[in-house]
Amino acid sequence: MQQLSIFLFLVLFNCASALSQTNQAAYKVKQTLPSESILNYVGLPNLSVADKAVFFNLVVDSALRRKGADDVVLALKSAILCDQYDFLASEGKAARLRYHARNIARVSAMCPKVIDAGLEAYGRKDYRRALDCFTLYLERYNTSLFVGRKPEHDSYYNECAFFAIQSAYKNGDKNVASRYMDRALQCSEYAEDAALVHVLLLRDNRRDWQDSLHYVSVLTEAHQKYPSNNSFFSMLVEHYTSPANASKFKRFMEEEVALDKKSKEKWAMLGELEMREKQWNRAIDAYKKAVVIDSAFVEVIYNIGICYYSKGELSQSAAYLEKCRQLDGERAKVDWAQPLYTIYKELPDEQKARELLPMVK
């Protein structure tokens with residue numbers, strides 16, 4: 001027989017002394033097992049229902065003595081299994097349950113530590129393990145051990161639901177993420193982050209036009225509720241820039257700038273849409289509002305110059321392109337030299353055109 005882990009050896013030793021002589025042989029384990037592997041010990045099917053209850057109760061004893069992060073998870077899982085077998089052994093008669101009262105008393109107090117174990121796993125990006133811990137905490141209310149206890153009275157439940165959906169989404173378990181979404185959205189501290197996961201799930205799970213409509217509806221609602229969250233805005237822009245929705249994009253941006261007049265990016269985006277439609281005056285008006293917010297917004301200043309050029313107002317165009325020259329002399333953001341050279345050739349202003357000639361060759 002290979003060397004056993006100390007923890008497993010102690011559990012099996014205690015089990016062997018507590019179980020009937022008939023079942024003691026089942027604990028002659030031939031391999032070293034991690035602590036939670038004991039829950040799937042191959043000898044269990046050979047035990048009676050009553051002896052299985054004894055076995056898992058002893059696992060709870062050993063795990064609680066160790067008190068590590070993984071041990072509290074093992075203790076809760078074992079207590080739940082112990083109660084299931086205890087219930088079967090007692091033939092469903094509460095008065096005959098041997099371990100229920102003691103186990104519910106001792107594991108209830110340590111349940112929040114199961115969330116801590118999940119957060120520890122989440123912090124090291126072990127999302128599968130984190131999800132295992134969070135769902136254990138949440139699903140315990142559906143077990144016989146916690147019968148009569150309500151999640152509504154649990155101050156940690158919604159927060160745990162949030163971390164469950166985060167872990168599930170990152171782990172690719174979208175169905176699990178959906179299962180706890182409603183409770184996660186009720187967690188005031190993480191409601192915005194939960195809303196983002198909700199929207200991402202709907203986006204990733206679109207199958208037909210009805211799914212798409214629902215996604216946009218929920219996304220729009222989230223954007224209205226959390227207007228400063230750029231993720232929601234970016235996803236709406238992505239939606240409206242698709243060929244099927246391009247005609248609605250300008251109206252969307254008009255609504256956006258009406259609600260958020262201090263966003264230079266939104267004014268710039270509206271200006272670009274007007275510019276695409278060759279609505280030069282409207283484009284200039286929108287761009288100038290962006291420049292009021294950020295006087296060094298070189299890309300927008302450049303576009304104003306191009307709009308004026310398209311209108312045939314060369315002097316105005318040159319003035320804005322010269323400002324680009326002052327702000328972005330190395331042309332790192334925009335290449336103002338070529339259009340400015342063209343303008344000076346058309347005015348004409350040969351001296352200034354000659355100065356720019358080396359930059360456009």
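What to note about this one:
- Relative contact order for the chain: 6 percent, from Cα pairs under 8 Å spaced at least 6 residues apart, divided by residue count.
- Simple spin-label estimate for Arg124 and Trp209 in nanometres, 7 Å along Cα-Cβ: 5.1 nm
- Between 0 and 90 degrees, the angle of helix 264-276 with respect to the longest Cα principal axis of the chain falls at about 60 degrees.
- Cβ-based net charge around Val197, under 13 Å, with every Lys or Arg adding one and every Asp or Glu removing one: 0
- Farthest toward positive dipole pole in the chain [+1 Lys/Arg, -1 Asp/Glu at C-beta], among Ser90, Leu213, Gly271: Ser90
- Phi-based couplings in Hz for the stretch 116-129 (Karplus 6.51, -1.76, 1.60; Gly and Pro marked x): 4, 5, x, 5, 5, 5, 4, x, 9, 6, 8, 5, 5, 5
- Efficiency of FRET between Gln279 and Ser315 - r from beta-carbon atoms, R0 22 angstrom, step 0.05: 0.55
- Structure-derived volume of the Cα convex hull per residue in Å³ - corresponding label in (i) 211; (ii) 164; (iii) 172: (i)
- Selection from Ala258, Tyr287, Ala244 lying farthest towards where the dipole of the stretch 235-290 points positive, charges on Cβ: Tyr287
- The angle between the Cα long axis of helix 69-89 and the longest principal axis of the Cα atoms of the chain comes to about 50 degrees, rounded to the nearest 10.
- Surrounding net charge for Ile165, when Lys and Arg each add one and Asp and Glu each subtract one, Cβ distance under 12 Å: 0
- A cut-off under 13 angstrom between Cβ atoms defines the neighbours of Ile293, and their net charge, with Lys, Arg +1 and Asp, Glu -1, is +3.
- Overall, the stretch 171-279 carries a charge dipole of about 200 debye about its Cα centre when +1 sits on the Cβ of Lys and Arg and -1 on the Cβ of Asp and Glu, all other atoms neutral.
- The Cα trace of the stretch 224-281 gives Rg and Dmax of 11.3, 34 Å, the first to one decimal, the second as a whole number.
- Think of it as helices only: each DSSP H run of n ≥ 4 in the chain is worth -39500 (n - 2.57), and spread over all residues that comes to -21500 deg cm²/dmol at 222 nm.
- GNM remark for the chain: springs join alpha carbons under 10 Å apart, and the peak mean-square fluctuation among Gln351, Gln84, Gln316 falls on Gln351.
- Magnitude of the charge dipole for the chain, about its Cα centre and with charges confined to Cβ atoms of Lys, Arg (+1) and Asp, Glu (-1), is about 860 debye.
- Counting only alpha carbon atoms, the long axis of helix 6-18 and the longest principal axis of the chain meet at about 40°.
Bear in mind that the values in this text are calculations on the coordinates, not laboratory data. This is a predicted model, so every value here is computed, not measured. Neighbour counts are summed over all protein chains in view; Cβ atoms, including those assigned to glycine, are modelled from backbone coordinates with ideal geometry.
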